[in-house]
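K.L.:
Take this structure first; my questions come after.
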Amino acid sequence: MPVSEEQLVTEHAPMVRRLALQLISRLPSSVELDDLLQAGMMGLLDAVRRYQQVPEAQFETYAVTRIRGAMLDELRTQDWLPRSVRAKGRVIEQAIHASEQRLMRPATEAELAEELGVSLAEYQEMLEGAQGVQVVHYEDLSRFHGEGTRIAEEALPSDESAQHWTNPLQQIMSQGLRSALVDAISRLPEREQLLLSLQFEQDLNQKEAAAVLGVTEGRVSQLRTQAIGRIRAALAHGQWDTDPGSVDFQNLL
């Protein structure tokens, strides 16, 4: 017997809360959980109504994409990230790009601090202040690739080469961009790769990830911000095999 729309909503409502809690743990305290929950429920309802149009799709996989997309739409509508935080994130990304272009390898925190002309402790404070800069907006890419570059909330099944990373870090609408993302992740220092795997693939929260790494929760936040900064810097300055004006780019979470 076919499952009714009401049954699908009832059965998957707890998933909306789980996804909202996962997302809000990586965002500034100014973001309200209730706003994410409401947006997520709208995404779930949209998924239920559209599901019959998606052949051979597993509902939960499809619903996760629609729910996360609705939450991210809500965040962008709120313009939730203060300009000061965006500015700190951009400064860090520029330092990462400049250092790694010169060194031809991932820069250490000490080297990034030197690039910025600050102490290591001050650099780590900057990482704390940039927490939440984990979304790639089209403005970030258009600085390097022209105003036609856009970001989308759509997702697509990945090929085998990207399968390890597409679920935790969302999915991208271009084979070239997907490859660039996988390459950027593979170039991260080992500890930062492990952290992203723990949090985005294995769904560990910040406290659990801190226990595995043997560091404080604050240090986990710093490492995650730095890892995402490296990825953003690599993608923003990268060259892809598709026309940037035609690319829809999914947010990194």
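K.L.:
Working only within the stretch 9-49, note down all residues that are among the polar types (S, T, N, Q) and part of a helix (DSSP H, G or I). Full working, then the answer.
P.N.:
Here is the first cut: in the stretch 9-49, the residues among the polar types (S, T, N, Q) are 10, 22, 25, 29-30, 38.
Hits for the stretch 9-49 are Thr10, Gln22, Gln38.
K.L.:
Output the number of the condition that Leu198 fails; it satisfies all remaining conditions of (1) closer than 27 Å to Ala87 by Cβ; (2) surrounded by 19 or more Cβ atoms within 10 Å (Cβ to Cβ); (3) modelled with pLDDT of 80 or more.
P.N.:
(1)
K.L.:
Does Ile228 fit the bill of being at pLDDT 85 or above and assigned by TED's automatic domain parsing to the domain that holds Glu100?
P.N.:
On the way: at pLDDT 85 or above: yes; assigned by TED's automatic domain parsing to the domain that holds Glu100: yes.
Yes, satisfied.
K.L.:
Select from the stretch 24-36 the residues that are farther than 15 Å from Thr77 by Cβ and either crowded, with 17+ Cβ neighbours inside 10 Å or in contact with a strand residue (DSSP E or B) (Cβ under 7 Å, 6 or more places away or on another chain) (or both) and list them in ascending order.
P.N.:
Matches in the stretch 24-36: Ile24, Arg26.
So that you can scan it fast, the table gives a plain yes or no per residue for (1) at pLDDT 80 or above; (2) touching a Leu at 6+ places or on another chain (Cβ under 8 Å); (3) farther than 22 Å from Asn205 by Cα; (4) assigned by TED's automatic domain parsing to the domain that holds Thr225:
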residue: Glu109; (1), (2), (3), (4): yes, yes, yes, yes
residue: Glu115; (1), (2), (3), (4): yes, no, yes, yes
residue: His145; (1), (2), (3), (4): no, no, yes, yes
residue: Arg150; (1), (2), (3), (4): no, no, yes, yes
residue: Glu154; (1), (2), (3), (4): no, no, yes, yes
residue: Gln170; (1), (2), (3), (4): no, yes, no, yes
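K.L.:
Working only within the stretch 93-131, note down all residues that are among the small types (Gly, Ala, Ser), in a helix (DSSP H, G or I) and over 28 Å from Ser30 (Cβ atoms).
P.N.:
Step one: filter the stretch 93-131 for residues among the small types (Gly, Ala, Ser), giving 95, 98-99, 107, 110, 113, 117, 119, 121, 129-130.
Going one step further and asking which of them are in a helix (DSSP H, G or I), we end up with 95, 98-99, 110, 113, 121, 129.
Result: Ala98, Ser99, Ala110.
The values are calculated or read from the model by the stated rules, or taken from the named source; none is laboratory data. Just so it is clear, the structure is predicted and the values come from calculations on it, not from any experiment. Cβ sites come from the backbone with ideal geometry, for glycine too, and all protein chains shown count toward neighbours.
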